[in-house]
Amino acid sequence: MANMNKAVVIGAGIAGLITARMLSEYYKEIYIVERDDLPTTPANRQGTPQSFHPHRVLPRGHMILERYFSGYTNDLLDNGAYPSDAEEIVLVNPFGNLIVRPPAGSASSSRALLEWVLRRRVQKIHNVHFITNTEVIGFMSSEDRQTIIGVYTKERKKNSQEDLLTADMVIDSSGRSSKVIKWLHSLGHTVPNQEVLKVFLGYSTQYYKIPLEAQKQWRSVISDAQPAKGISNGTLIRIEDDIAGTLLFSAGGEHYPSIKPDEYQEELKSLNASEIANIMDYLEPLQAPRGYRTSESIRQHFEQMKNWPSGLLVLGDAFCSFDPIHGQGITVAAIEAEIIENCLEEQIRNPQPYFERHVLHRMQEAIEPAWWLSSIADLRWNGVKHIGTTPLKGVTFAQKYIDLFTKKATELVTKGNSKFYLMQFLMNSLVLPPSKFFNAEILTIILNDNGSPEEKQVRAELDVQDPKLFQQRIDECIPSFDSAFDERLNDVLMSFEQQ
Ligand SMILES: Cc1cc2nc3c(=O)[nH]c(=O)nc-3n(C[C@H](O)[C@H](O)[C@H](O)COP(=O)(O)OP(=O)(O)OC[C@H]3O[C@@H](n4cnc5c(N)ncnc54)[C@H](O)[C@@H]3O)c2cc1C
């Protein structure tokens, strides 16, 4: 990091916008190169095909977005987003229901509105410049190929010439379609094997106008999937302008949610939650259901490259893409931007060699819990496979533990105690470290001594009665994620506990 004059960010998706905002306090000039023409109103665009589908921001991501874009929630609300203060969410699992309120001060909107609100903020930052309708087509490097010193770009119009944009730092946030590996190969670098979750997932989404009579008693619904029975995940959410969306999701490739209106309606009826089908009588469809399919989630391991070039970082979906049903992508991108910021601060105070590799390592620590949690959930579907040089730890144990926990937590909810159910929600929201969820103390609470056959099986699997040894065995099964969490999350935790 010899100079901090000019940074280039590839892609003006959500990861690119957060990164540009963060970098604007460290670099003199930031250039965001985006292949799309960016709409001046909230609208879906070609470069982000996922944006038609509902996007929610997990509480941890919301906290970081508010830090970088103070008051962005108010901007969303001013543009018709649905306030969380008004919202109740019914969480439905095979064992029962729980009603939660999202943390006060957040809002629910379409992805297009969220991106537009953030983009408008970034467009007002004096040292951030957008170069749109222009694609990055490769890296320019130093002669020894160990430093990236710029990017080659090409305007997206006929007969345009290649251009060069020099930079002290290039950050690739070009999403799932990133060409970073191809560009590294062309410089002669060997890239480590990726970890792949062969997930074969399908989404199908439909939007509706909510008439006045259905607005009064509005409740959003998240209906858990039951992969063993082939029951899809279903979601009913509200976005801006009194519009609701339903989303069907399944993985494994045996069945993809239908995009035919009649079949889609039937599939909504077969979810664990009857609430979604019930409200259909009141909603007016705005269009036919639309699908999205992908066969893989991919986690890169660039941090393992000993000769990773200086002047280059990668974040967002380009570094690790997740099964979107778990809603982690934006939050992980936001965490990664914070990590870059923290590392820049350390580097300014105490410069160290291999800055970029260090940043990639720190990001990988933050990716770890999100990847593990979403993978163990997806591996419940027949047909989903993990491929990687190191197998995922503790999958079967974690799945059984989670089932027992969910059953017990749901039982407790009916007795007025929602603490445990919230713990699970918060772990999946990347707020609560998994070590607070998977531990001997909790296990003792959720397992009865004279328990069910499943409970006995979990005990037998760990094969110890002594709580200390028991904890030791859990630590062996479950990866340690503690470096991915920090004490600021306690505030988010408390805001939930006070509900
Ligand atoms: C169906 C679906 C639903 C999802 N739902 C959620 C959710 O509920 N919550 C959540 O947190 N996440 C969700 N995600 C994930 C989320 O969309 C991403 O994780 C998040 O937006 C961060 O993505 P990104 O900025 O890295 O990439 P993107 O948002 O894909 O942006 C990449 C940008 O780079 C541009 N680009 C690409 N190549 C080039 C190039 N060579 N030159 C210039 N520009 C280029 C593209 O045009 C685009 O603008 C979902 C994803 C999918 C697929």
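The values are calculated or read from the model by the stated rules, or taken from the named source; none is laboratory data. This structure is a prediction, so every number in the text was calculated from the model and none was measured. Neighbour counts run over all protein chains shown; Cβ positions are idealised from the backbone, glycine included. These accessible areas exclude ligands, DNA and RNA; they are computed on the full protein's heavy atoms, side chains included. Shrake-Rupley method; radii C 1.70, N 1.55, O 1.52, S 1.80 Å.
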Seminar exercise, completed: Dividing the alpha-carbon radius of gyration of the stretch 1-101 by 2.2 N^0.38 Å, where N counts its residues, gives 1.39
Exercise. Angle, helix 395-414 long axis vs. longest principal axis of the chain, Cα atoms, 0 to 90°, nearest 10?
Worked result: 60 degrees
Exercise. Once the whole set of protein chains is in place, how much accessible area is left on residue 444, using a 1.4 Å probe, in Å² to the nearest 10?
Worked result: 90 Å²
Problem set entry | Full-stretch length increase - residue 124, residue 229 - with 0.36 nm per residue and alpha-carbon distance subtracted | 32.7 nm
Problem set entry | Per-pair calculated FRET efficiency, R0 = 51 Å: residue 177 and residue 212 via Cβ, rounded to 0.05 | 0.75
Seminar exercise, completed: Rounded to the nearest 10 degrees, the helix 329-349 long axis (Cα) sits at an angle to the longest Cα principal axis of the chain of 50 degrees
Problem set entry | Computed over the stretch 196-295, the ratio Rg/Rh where both radii use C-alpha atoms and Rh is Kirkwood | 0.98
Problem set entry | Fully extended contour minus Cα-Cα distance, from residue 4 to residue 293, at 0.36 nm per residue | 100.0 nm
For this session: Before anything else, pin down the relative contact order of the stretch 196-295: Cα pairs under 8 Å, at least 6 apart, normalised by residue count, whole percent.
Result: 42 percent
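Local charge sum around residue 25 (other residues, Cβ-Cβ under 14 Å, Lys/Arg +1, Asp/Glu -1)?
Net charge around residue 25: 0.
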Exercise. Ignoring any ligand, DNA or RNA, what whole percent of the accessible area of the chain comes from carbon and sulfur when the probe is 1.4 angstrom?
Worked result: 49 percent
Problem set entry | Degrees between helix 355-378 axis and first principal axis of the chain (Cα, 0 to 90, nearest 10) | 30 degrees
Seminar exercise, completed: The farthest towards the positive end of the charge dipole of the chain, of the residues 437, 316, 79, given +1 on Cβ of Lys and Arg and -1 on Cβ of Asp and Glu, is 316
Exercise. Across all directions of projection, what mean area in square nanometres is found for the Cα convex hull of the chain?
Worked result: 24.3 nm²
For this session: Work out the FRET efficiency for residue 40 and residue 382 from their Cβ-Cβ distance, taking R0 = 60 Å, and round it to the nearest 0.05.
Result: 0.85
Problem set entry | Where the chain is the region considered: accessible area per residue in Å², 1.4 Å probe | 44 Å²
For this session: Note down the accessible area of residue 95, probe 1.4 Å, to the nearest 10 Å².
Result: 100 Å²
Exercise. What's the FRET efficiency of residue 154 with residue 396 using the Cβ-Cβ distance as r and R₀ = 51 Å, to the nearest 0.05?
Worked result: 0.55
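Per residue of the chain, what 222 nm ellipticity follows from adding -39500 (n - 2.57) for every DSSP H run with n ≥ 4, rounded to the nearest 500?
Helix contribution divided over all residues of the chain: -11000 deg cm²/dmol.
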Problem set entry | Inter-probe distance in nm under a simple model that places probes 7 Å from Cα toward Cβ, at residue 132 and residue 186 | 2.6 nm
Seminar exercise, completed: Sorted list, accessible surface of protein heavy atoms, 1.4 Å probe, largest first, for 213, 88 is 213, 88
For this session: Provide the gained length on full extension for the span residue 162 to residue 99, in nm with one decimal, where the gain is 0.36 nm per separating residue minus the Cα-Cα distance.
Result: 17.2 nm
